[in-house]
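Structure, as structure tokens:
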Amino acid sequence: GWQTSMKSGSLSYILPCNRLPVQLMSQVRVYTSNGQKKGLGSEDANRSTPEESQNKAGTGRQDTSSAGQKQSFRKDPIQVKVKAVLKKRDYGPKYTQNNFITGVRAINEFCLKSSDLDQLRKIKRRSPHDDTETFTVYLRSDVEAKSLEVWGSPEALARERKRRKEAEIKYRENLFRNQRLLKEYREFFGNTKPRSSAAAMFFKGPGKVVMVAICINGLNFFFKLLAWVYTGSASMFSEAIHSLADTCNQALLALGISQSARTPDPSHPYGFTNMRYIASLISGVGIFMMGAGLSWYHGIMGLLHPHPIESLLWAYCILAGSLVSEGATLLVAINEIRRSARAKGLSFYQYVVQSRDPSTNVVLLEDAAAVLSVAVAATCMGLTSLTGNPYYDSVGSLGVGTLLGTVSAFLIYTNTEALLGRSIQPEQLQRLTELLESDPVVRAIHDVKATDMGMSKVRFKAEVDFDGRVVTRSYLEKQDIEQLLQEIQQVKNLEELEAFMLKHGENIIDTLGAEVDRLEKDLKQRNPDVRHVDLEIL
């Protein structure tokens, strides 16, 4: 029985699969006791037995049906399509070590010398700008290793960075001061010595208006104080306090003007222009507390405890002189605001309400209130001298306090609005938006904001949906198409395809960056007040 050869027919298995059936054809091989191997379908006629013949006869029909099934399965060969997919990369710290860094940035950030970079590997990169040649970059990992070799440890490198940062801040301040001095030399060369940068701001524009107001209001305070001591008039006391408040507030404005000219630093990257609004806001609060508060207090005390008033002749003379001086300062402020409003294309009222120049606005409103308060004080003092009733003088003090409170409330409101960051005029914003929308490279823009940062400085922000086809076409127009076609034809495998796509993909991103720079430049040319442009790519 061990020497009897055995044969198994074809076995068909259909395994479950979610895509296609798979047929497995298996053959059973049987080894006899004498070590001979027989395969499926092999038949030895010399050693066949009668039992085997009967089995063949009995299973002949089954073999025929199995052969038919085998032929039917073999008619439709199975075709499996394999999709080539790039292996997903892990962009960890090891990958970012291959980032490039320019020579200037390597020297500044890692405190190296140009001679230190000569020993490192150099790589030529194409500039995204048309008018700039290729530039040399270095691997960041090489630069970091060189910096540790030079300085010995990360702690020593950090200390050197801190020292250089302090030296850079000091250098920028000196550079800014020297630039202002050179400007003064060019303006006054051969006539007089150059003025300091702080003093030059007070000889023109808002600084000139503030300095004139300080001098006049200081003299007015001195003479009004003498008149109050001589007459004891409550209205004259209110006028003296009013002039003192104006003098102090305008000195604060002068401080704000000088501080606003400071050069930007890392802690204040957008500069110190808002110092003028802060000074104006504090000035408004000072007018309310010192001017209006003391005037109300003195008026109320005059109503509760009236006392006769001495000769008012000197008081009238001082009020007349104050009216002339305050009126002169008011005219200076009006002329300055008219000139600035004309340059901005705004009306006088719009320029004042929008607080375009906070320092000049404060002088204008304070002097206007001073002229009106002189008229109110003179009227009430005249009624007192005619009727002999001291209550009119106290009412005049209350009127001056109310006028000062109104001016201070207006200054607080306008300067608070400016500090909160308001939008520019709708017409200006519409022109900037149309400039972006009309550009072929822009598909759509969203979330457009244009904030007035004060003192003719605007920050523009928008989310831009760029048209990738136009950007790519702009890149292709600068390439040799025949050479590009040859590069495509030389691609034979996935690695070469990946290298080709990475090369030109990076160049297209550089082209997109150049388009962003061009749009920012166009926006600044359309509106010179736009100093900062933030375009976010969607």
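Just a few scattered comments:
- Checking each residue in the stretch 429-446 for being open to solvent by 40 Å² or more (accessible area, probe 1.4 Å) and in contact (Cβ under 8 Å) with a residue 40 or more places away in the chain picks out 431, 446.
- Set side by side, the residues 376, 371, 352 differ, and just one is within 14 Å of residue 407 (Cβ to Cβ) and open to solvent by less than 20 Å² (accessible area, probe 1.4 Å), which is 352.
- Filter result for residue 461 (among the basic types (Lys, Arg), within 30 Å of residue 268 (Cβ to Cβ) and touching an Asp or Glu at 6+ places or on another chain (Cβ under 6 Å)): yes
- Every test in (1) farther than 14 Å from residue 537 by Cβ; (2) over 17 Å from the mean Cα position of the chain (by Cα); (3) surrounded by fewer than 16 Cβ atoms within 10 Å (Cβ to Cβ) is passed by residue 422 save one, and that test is (2).
- Qualifying residue in the stretch 405-416 (condition: buried (at least 21 other Cβ atoms within 10 Å of the Cβ) and in contact with a His (Cβ under 9 Å, 6 or more places away or on another chain)): no
Yes/no matrix, rows are residues, columns are (1) outside the structural domain of residue 322 (by the TED database); (2) touching a helix residue (DSSP H, G or I) at 6+ places or on another chain (Cβ under 8 Å); (3) closer than 27 Å to residue 276 by Cβ; (4) touching a residue at least 60 places away in the same chain (Cβ under 8 Å):
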position	(1), (2), (3), (4)
378	no, yes, no, yes
387	no, no, no, no
394	no, yes, no, yes
407	no, yes, yes, yes
413	no, no, yes, no
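- Unmet criterion (only one of (1) closer than 14 Å to residue 408 by Cα; (2) at pLDDT 75 or above) for residue 288: (2)
- Test: residue 331 is aliphatic (A, V, I, L, M), closer than 28 Å to residue 205 by Cα and open to solvent by 50 Å² or more (accessible area, probe 1.4 Å): yes
- Qualifying residue in the stretch 470-488 (condition: touching a strand residue (DSSP E or B) at 6+ places or on another chain (Cβ under 9 Å) and not assigned by the TED database to the domain that holds residue 260): yes
- Residue 459 in contact with a strand residue (DSSP E or B) (Cβ under 7 Å, 6 or more places away or on another chain), open to solvent by 30 Å² or more (accessible area, probe 1.4 Å) and not polar (S, T, N, Q): yes
- Test: residue in the stretch 381-393 that is open to solvent by less than 70 Å² (accessible area, probe 1.4 Å) and closer than 30 Å to residue 206 by Cβ: no
- Qualifying residue in the stretch 180-191 (condition: exposed (fewer than 13 other Cβ atoms within 10 Å of the Cβ), closer than 30 Å to residue 517 by Cβ and modelled with pLDDT under 85): yes
- Any hit, the stretch 233-255, residues being buried (at least 19 other Cβ atoms within 10 Å of the Cβ) and without any contact (Cβ under 8 Å) to a residue 24 or more places away in the chain: yes
- Counted residues, the stretch 491-513 - those being of a type in the set (A, V, I, L, M, F, W, C) and either in contact with a helix residue (DSSP H, G or I) (Cβ under 8 Å, 6 or more places away or on another chain) or within 13 Å of residue 537 (Cα to Cα) (or both): 5
The values are calculated or read from the model by the stated rules, or taken from the named source; none is laboratory data. This structure is a prediction, so every number in the text was calculated from the model and none was measured. Counting neighbours? That spans all protein chains shown, and the Cβs are built from the backbone with ideal geometry, glycine included. For the accessible areas, the whole protein counts, side chains as well, though only heavy atoms, and no ligand, DNA or RNA atoms are used. Shrake-Rupley method; radii C 1.70, N 1.55, O 1.52, S 1.80 Å.
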